[in-house]
Amino acid sequence: MRMENFTKNISISMYRTLNIYILSVIYLFLIGCNKPIPKKALKLELENIKKVEIKNEYPQIINTSEAKDISTKQLTDCISNIDYIALDSEHLIGEIRKMIITESKIYIMDSFLSQQVFVFDKQGKLLFRIDEKGNGPEEFISIWDMQVNESKKEILLNDALGLSYIYYSTEDGSFIKRERGIQNCYLANINNIYINMLSYGQDFNDKESWQLLITDKDSILYKGFQLEELQKNNFIENSISYDFENKLIYTPTYSDTIYQFCENISFIPKFVIKQNKSIWNKHNENMTYAEICKLIKENNYTLFTGNIIDSERYMLFTTNKEYKGGIIKQPYIWDKINKISYRWDSKTIISKENIRDVITIPLTSYNDRFYGIFQIGKDPELKSISPKLAKLLPKDVENANPIIVAYQFKDIH
């Protein structure tokens, strides 16, 4: 992806996230004969709900100001192996909002354009799609999140507008079951307990507002991470993920602290992403998203985006920073063994250099490999690329799904 497209793509993503949130609120008020539902009926009662315990432990500090600069070309030299997977293009994906890799399959969710889940094998062959959009008992109104449990052979989709958790088969995409849920944006399921991530006001509760509600279906068990002023009146990104050991990781919106979920319904702080001028320094201030963007673009503030992509040796995360009057994602790589961080020079992700292999900022990981996407067609900037990649480049780039780039790092230096 060319650098001039980075700011545009991030702006589009943020706009769509904000738009979806607004639409969800509108929907909740308009369902049922186009008559507004009384706020009292939507209110989640939280006063007598237990708080999630946040244990007092010392997290690992990752100081971004101490990171060593490294270019894409240098990183490419540190790759032990790289593979490319061309995805079938009979059905176009649209926009990849989430990708999950397992031992045998690739799961891709497009919650905006096609509003479907695409399931491929590891060679890129499309196995099946879940496109059950509708109002029926086996259908979804919207899909905002996805989780895969191959041991149970289940794909969990979060139907946020339908207030439902819907399960489909990993074998063929067939419907398994629907469970009643609560208002949320994003979702995880651990041992039949649901962890719901909410935006401000989504609980319709004037007295208190929490970002996480832990439920048994639609019964609220615990509340956690009460929203601070900075987190109010702003949209949220999905900051629920899993580390290399498959433990749930969560970062409160705009926060610099990454928490790990424990089985006794508690959280421990695992990492702090330390930045010289972090947006989280303003956590006591009620600011609009436009004001946050202004701090980044005009005052050199940075914002940890909240998610990590983890492998056994390396952890990758990103911050938002200013670039040419806009905002782009700045990737970092944390070496867990040597306790060294690297600032990946995003200006060289696609460059005019003679390069043979292409690596991109990953969307996910599996075992010790990172997985990103690549879609560029016959770009004149790429003077020399790997023959195994060149033969996969589509002639009709407008009607082709992206190529997945899978790579593994050896020692980064």
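In straight-distance terms, cross-link reach from residue 153 covers every one of the aspartates and glutamates whose alpha-carbon lies under 12 Å from its own, apart from those fewer than eight places away in the same chain; here that gives 171, 172. Evaluated over the Cα positions of region 78-189, the convex hull gives a direction-averaged projected area, one quarter of its surface, of 7.8 nm². Each of 401, 326, 78 was placed along the dipole of the chain (beta-carbon charges, centred on the mean Cα), and the one lying farthest toward the positive end is 326. With the convex hull of the Cα atoms taken as the outline of region 203-310, the averaged projected area works out to 7.8 nm². Listed cross-link partners 223/336; 232/329; 105/133 are compared with a 27 Å cut-off, the Cα-Cα value being larger for 223/336.
Every helix of 4 or more DSSP H residues in the chain counts as -39500 (n - 2.57), and over all residues that averages to -3500 deg cm²/dmol at 222 nm.
In the chain, a dipole from Cβ-located charges (positive for Lys and Arg, negative for Asp and Glu) runs towards its positive end, and of 341, 373, 262 it is 341 whose Cα lies farthest in that direction.
Within region 165-228, the GluC sites (Glu not before Pro) that combine a DSSP coil assignment with at most 15 other C-beta atoms in a 10 angstrom radius are 171, 208. Say we join alpha carbon atoms closer than 10 Å with springs in a Gaussian network model of the chain; which of 65, 169, 241 then has the biggest fluctuation? Judging by the Gaussian network model, the answer is 65. For region 99-210, the relative contact order works out to 14 percent when only alpha carbon pairs closer than 8 Å and six or more residues apart are counted.
Rolling a 1.4 Å probe over the heavy atoms of the protein chains gives region 75-175 an accessible area of 39 Å² per residue. With axes computed from alpha carbons, what is the tilt in degrees of helix 4-30 against the longest principal axis of the chain, rounded to the nearest 10 within 0 to 90? Computed tilt is about 20 degrees. Accessible surface for residue 101 stands near 10 Å², nearest 10, in the context of the full protein assembly shown (1.4 Å probe). Only one item in [x] 144; [y] 195; [z] 209 matches volume of the Cα convex hull per residue in Å³ derived from the coordinates shown, and that item is [x]. Counted by Cβ distance under 12 Å from residue 153, the other residues give a net charge of -2, where Lys and Arg count +1 and Asp and Glu count -1. Helix 289-299 and the longest principal axis of the Cα set of the chain meet at an angle near 40°. Label zone of residue 265 (point 7 Å out along Cα→Cβ, amide N under 17 Å): in region 194-212 this covers 194-197, 210-212. Divide, for region 68-124, the radius of gyration over alpha carbons by 2.2 N^0.38 Å, where N is the residue count. Computed over Cα atoms of region 68-124, the ratio equals 1.45.
Measuring between alpha carbons in the structure, the pairs from 98/294; 217/297; 122/247; 68/270 lying more than 31 angstrom apart are 217/297. Label positions at residue 113 and residue 290, each projected 7 Å from the Cα along the C-beta direction, are separated by 2.9 nm.
For the chain, which whole-number percentage of the solvent-accessible area (1.4 Å probe, protein heavy atoms only) is attributable to carbon and sulfur atoms? Result for the chain: 47 percent of the exposed heavy-atom area is carbon or sulfur.
The values are calculated or read from the model by the stated rules, or taken from the named source; none is laboratory data. This one's a predicted model, so the numbers in the text were calculated from it and none came from an experiment. Backbone-built Cβ (ideal geometry, glycine too); neighbour counts: all protein chains shown. Heavy atoms of the whole protein, side chains included, go into the accessibility calculation; ligands, DNA and RNA do not. Shrake-Rupley method; radii C 1.70, N 1.55, O 1.52, S 1.80 Å.
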